[in-house]
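Read through the structure below, which is laid out as structure tokens, and then see the notes.
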């Protein structure tokens, strides 16, 4: 998908997997989240980056926590795109 970031694609796959595992349609999820079905479709294809409040609504309706949704997203990330703490450049850290 040209122009889609790996995290957007992984998040979309995670949402779709959870939605299907719950037996929900895109219409049902969209209605509960207060968005259009095409927006859910674009999220699932990695073409849209939802706001935190939409992510919260998605997780809430799917009956999973944000932590679980994030973990599922990370499992779907390409290995070379995943940031592991031990590989993080210490200069990127902000200190108080």
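The values are calculated or read from the model by the stated rules, or taken from the named source; none is laboratory data. The shown structure was predicted, so the numbers you read here are calculated from the model rather than taken from an experiment. Cβ coordinates were reconstructed from backbone atoms using ideal geometry, including for glycine residues, and neighbour counts include every protein chain displayed.
Residues in segment 20-62 that are under 14 Å from residue 76 (Cβ atoms) and either buried (at least 18 other Cβ atoms within 10 Å of the Cβ) or in contact with a strand residue (DSSP E or B) (Cβ under 6 Å, 6 or more places away or on another chain) (or both): 43, 44, 46.
Close contacts from segment 44-61, counting a first residue that is on the phi > 0 side of the Ramachandran plot and touching a residue at least 24 places away in the same chain (Cβ under 8 Å) and a second that is surrounded by fewer than 18 Cβ atoms within 10 Å (Cβ to Cβ) and part of a loop (DSSP other than H, G, I, E, B), with Cβ to Cβ under 6 Å and a gap of 6+ residues or different chains, come to 46/1; 46/4. Tallying residues that are loosely packed, with under 14 Cβ neighbours inside 10 Å, over 10 Å from the mean Cα position of the chain (by Cα) and either at positive phi or not in a loop (DSSP other than H, G, I, E, B) (or both) within segment 63-81 yields 6. Suppose the filter is at pLDDT 95 or above, touching a helix residue (DSSP H, G or I) at 6+ places or on another chain (Cβ under 9 Å) and more than 18 Å from residue 8 (Cα to Cα); does residue 55 pass it? Here the answer is no, as residue 55 does not meet what is asked. Contact map, segment 13-31: residues that are closer than 18 Å to residue 65 by Cβ paired with residues that are loosely packed, with under 15 Cβ neighbours inside 10 Å and modelled with pLDDT under 95, Cβ distance under 8 Å, separation 6+ or inter-chain. Pairs shown: 14/75.
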